[in-house]
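Chemist: Pasting in a structure now, in structure tokens, and then I'll have a few things to ask.
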Amino acid sequence: MIEIDIEKENKAIAQEYKELLRISYQTLSPTDKKLIRKAFDVAVDAHKEQRRKSGEAYIFHPIAVAKIVASEIGLGATSIAAALLHDVVEDTPITVEDIERLFNPKVAQLVEGLTKISLVQKDLNASMQAENFRKMILTLNDDVRVILIKLADRLHNMQTMDSMAEYKQTKIASETLYIYAPLAHRLGLYNIKTKLEDLGLKYTEPAVYNDIVSKIRETKEEQDAYIKDISDVLKKSLDLENIDYIIKGRPKSIYSIRRKMRAQNVSFDEVYDKFALRIVYKSDPHDEKFVAWKIYSIVTDHYRPSPSRLRDWISSPKSTGYEALHITVMGPKGRWVEVQVRSERMDEIAEKGYAAHYKYKNGATEESGLDVWLNLLREALENQETNAVDFVEDFKMNLYSKEIFVFTPKGEIKSLPKGATSLDFAFSIHSEIGIKTRGTRVNGRLVPLNHELKSGDQVEVITSANQKPTVNWLEYVTTSRAKNKIKNVLNENTKKIAEEGKELLTRKLRHLKITINEQVINELVNFFKLKTSLDLFYRVGIGAIENQQLKDYAAQKSNTFINFFKNKIKRNKDTTTSDEIHKPVISSNYDMLVFGTDHDKLDYKLSQCCNPIPGDDVFGFVTINEGIKVHKKDCPNAIGMQSNYAYRIMSAKWIDSSQEEFKAIINITGMDVLGLTNQLTRVISNNMSVNIQSISLSTDAGIFHGQIAVIVKNNTILKKMINAIKKIDGVDKVTREYRT
């Protein structure tokens, strides 16, 4: 029986290998196939004893990763071989040197890059987790293919997470949404980005995910019929113009629907553009732009466009290399529909990103958007001294940002993230220009350094040799490139002042008969409530710490043993460990929440950012100074916390909530109907046995706005009350408010 199973498994493995060669995006030469075959044989042999948690042979994972690399990302034989071998150094006796000997230095370099990313301790603490991300980002400097293979690895892991423990699923999914999906987006891999986002939502908010999936299924027939109606109309006109094209309907991703529901505070039914039409046409490179605008003309002949929602990424491609024309038109039944117009070349670049871009580059000397971005990235990565969490946050902020296009005084076009300031522009020209910026002119007018730029602005930078960055400049910029350069300059100045401060402090302490050493420095840091010795020396250097304060320290130190002991106790308190926080101090709300697998009753605080109430899905977060804080699972800060600080997350759930009451704020909009206030108070107070704490109502040109603060026992009562309010005549929308 076992023999038959193994035989069946071997056949399946051989079938997967054939499929890998068949679906490769690149044309594989006999030499390429030989390299892939060898990598396949080495991987099969190396992993022969291993199985995944699901029970299947481990080799299916590297093959699946290689298939994603070959077909969805579109990389060649070297990367396919590296994908097949990506786990052998970590999981088997084979070394990087063995791979270089068996294959070539390039395959070995890629496998080594992938191994470095993986070799980080399990159950990472905050700085280690961020450090892991930083290492991964830094590999972009060496070879972008390392990251591309890592994205394929992460996608397959996300697709096969069902057999994992729930806390691991949440952690991995949070990391995916936090860093991997934005990276896929920035590298132009829109298909992979969408899959990562949808799978991330599936494990971070399963109830929301399943609800949207079921609603999409319910409306699929209607959506298909709607797309067919529009397609039939457009086909007649496109055929008359002899355009070679295909039209396909593209549903919006589950994650983007969820994002729109949250951003606009609307229900699934109120999200209007849940799908888009894509017209992909054949054209020679010379006529690409002409044909695109011809199709635009045909679409807008039939359906009225929204001028504010036209996106021309053909004239100015995104820095990811993405090119397309996006038109939003008013379709049948009064619905807005997005129509995307792309040539086959543009479509390939949109699907494959990096790989397709180079396929079409044909040795062109002009840098692509992606090349420009990678060059900017190298500068942004120069500052490796910054705190790892800040580094990742800064980097991430620039991954997903929308773009604006501005002009230099000579008319050259520059791409910047939306929200960039005139000072960001100065740093985008050159770091040295940024540092020396004295002022900026936008469209000929002098503006502050923090002036937010808009597409089409022409920007001039005024420099001065004597100008130096100040701490305020960090508030004036949004790009990581500018922030890192400013921090570098400020750090250099700080270090210089700190060095002088250390010498000065040594002299001052000598007068007080105290010899400076590590213990004394630690005591002083604690005495002045600072974080590091650098802070201490810097403050002495700028004169912020006076002689009298040092004398006070010396007087306290004279009672050495007692005061030293007190200071030790203080230091321990400042760096409270998670073990101390986990002591079962039972709060007055002991019947409200339980934590961890043992359902411990611990002291906690409810977070102000999302205001959880009983019945909400929640988790506990162990803070440094404030004990356990409880957040809703869909809190705006949840993904960042679960990703950067996974080791400080505690599972939590509500138990008996009958003894406690909670405040919730409800926003109501609708048409101003006579007696609406009376009906509202009657429904809330009389029908629901809920207390109203405050009520604020206003009307404007027949539109009614209300905000009511109510005291409720739990989420179930709140939901019933909201449903009852929705039934009142004139009420259009009822939502619960969360603080952000």
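Chemist: Restricting to Cα pairs below 8 Å that are 6+ residues apart, what does the relative contact order work out to for the stretch 153-209? Please round to a whole percent. Before the final figure, lay out each step's value.
Modeler: Working: 42 pairs, mean separation 23.0, N = 57.
In percent, rounded to a whole number, it is 40.
Chemist: Further, regarding this structure: Are any of the pairs LYS11/LYS106; LYS193/LYS252; LYS33/LYS195 more than 21 Å apart by Cα-Cα distance, and if so, which?
Modeler: Details: LYS11/LYS106 31 Å; LYS193/LYS252 13 Å; LYS33/LYS195 29 Å.
From LYS11/LYS106; LYS193/LYS252; LYS33/LYS195, over 21 Å: LYS11/LYS106; LYS33/LYS195.
Chemist: Please give the length that would be gained between VAL266 and ILE13 if that part of the chain were fully extended, namely 0.36 nm times their separation in residues minus their C-alpha to C-alpha distance (nm, one decimal).
Modeler: On the way: separation 253, 0.36 × 253 = 91.08 nm, distance 4.69 nm.
Between VAL266 and ILE13, full extension yields 86.4 nm more.
Chemist: Right, another one. Using a Debye calculation, one point per C-alpha and no hydration shell, please list log10 I(q)/I(0) for the stretch 662-736 at q = 0.23, 0.24, 0.27 Å⁻¹ in order.
Modeler: Calculated log10 I(q)/I(0) at the listed q: -1.03, -1.12, -1.42.
Chemist: While we're here: Full-extension gain between THR470 and GLU503, please, as 0.36 nm times their residue separation minus the C-alpha to C-alpha distance. Don't skip to the end; give the middle numbers.
Modeler: Values: separation 33, 0.36 × 33 = 11.88 nm, distance 2.46 nm.
In short, 9.4 nm is gained.
Chemist: Sticking with this one: Quick one: which residues, 5 or more positions from ILE404 or on another chain, have an amide H under 5 Å from its amide H? H modelled 1.01 Å from N in the peptide plane, none for Pro or chain starts.
Modeler: LEU416, LYS418
Chemist: Sort THR194, THR176, THR421, THR716 so that the residue with the fewest other Cβ atoms within 10 Å of its own Cβ comes first and the one with the most comes last. Mind showing how you got there, number by number?
Modeler: Working: THR194 18, THR176 28, THR421 24, THR716 12.
Lowest count first: THR716, THR194, THR421, THR176.
Chemist: Gap in Å between the Cα centre of the stretch 152-193 and the Cα centre of the stretch 206-251?
Modeler: 27
Chemist: Pairs LYS248/LYS282; LYS228/LYS402; LYS352/LYS483; LYS632/LYS719; LYS220/LYS632: which exceed 23 Å Cα-Cα?
Modeler: Details: LYS248/LYS282 15 Å; LYS228/LYS402 31 Å; LYS352/LYS483 31 Å; LYS632/LYS719 16 Å; LYS220/LYS632 31 Å.
Distance filter (> 23 Å) returns LYS228/LYS402; LYS352/LYS483; LYS220/LYS632.
Chemist: Which value, in debye to the nearest 20, gives the size of the charge dipole of the stretch 184-289 about its Cα centre, when Lys and Arg are +1 and Asp and Glu are -1 at the Cβ? Don't jump to the answer; show the numbers that get you there.
Modeler: Working: 21 positive and 19 negative charges, 108 e Å.
For this selection, approximately 520 debye.
Chemist: Same structure again: Which ³J(HN,Hα) values, rounded to whole Hz and listed in residue order, are derived for the stretch 455-462 from phi using the Karplus coefficients 6.51, -1.76 and 1.60 in 6.51 cos²θ - 1.76 cosθ + 1.60 with θ = phi - 60°, glycine and proline given as x?
Modeler: After applying 6.51 cos²θ - 1.76 cosθ + 1.60, I find 4, x, 5, 10, 10, 10, 9, 9 Hz.
Chemist: Just to be sure I understand: of the beta bridges DSSP finds with both ends in the stretch 215-352, what percent are antiparallel, rounded to 5?
Modeler: Details: 16 of 22 bridges.
Here the antiparallel bridges make up roughly 75 percent for the stretch 215-352.
Chemist: How much length is gained if the chain between PHE405 and GLN26 is pulled fully straight, taking 0.36 nm per residue apart and subtracting their Cα-Cα distance, in nm to one decimal? Please report the intermediate quantities before stating the final value.
Modeler: On the way: separation 379, 0.36 × 379 = 136.44 nm, distance 3.35 nm.
Full extension of this stretch gives 133.1 nm more.
Chemist: Hey, with R₀ at 22 Å, roughly what FRET efficiency would GLU222 and HIS302 work out to, going by the Cβ-Cβ distance, to 0.05? Let's see the in-between values first.
Modeler: Details: r = 21 Å, r/R0 = 0.94.
For GLU222 and HIS302, the calculated efficiency is 0.60.
Chemist: Which whole-Hz couplings ³J(HN,Hα) result when phi for each residue of the stretch 605-621 is put into the Karplus expression 6.51 cos²θ - 1.76 cosθ + 1.60, θ = phi - 60°, listed in order with x for Gly and Pro?
Modeler: After applying 6.51 cos²θ - 1.76 cosθ + 1.60, I find 10, 8, 5, 7, 6, 9, 6, x, 10, x, x, 6, 6, 9, 9, x, 10 Hz.
Chemist: Can you pull the Kirkwood radius for the stretch 215-352, inverse mean 1/r over Cα pairs, to one decimal in Å?
Modeler: Details: mean 1/r = 0.0634 Å⁻¹.
Roughly 15.8 Å, rounded to one decimal.
Chemist: For the stretch 15-117, count all C-alpha to C-alpha pairs, find those more than 19 Å apart, and express that count as a whole percent of the total.
Modeler: On the way: 1903 of 5253 pairs.
Distances greater than 19 Å cover 36 percent of the Cα pairs.
A short reminder: the numbers here are calculations on the coordinates, not readings from a lab. A quick note: this is a predicted structure, and the numbers were derived from the prediction, not measured. Counting neighbours? That spans all protein chains shown, and the Cβs are built from the backbone with ideal geometry, glycine included.
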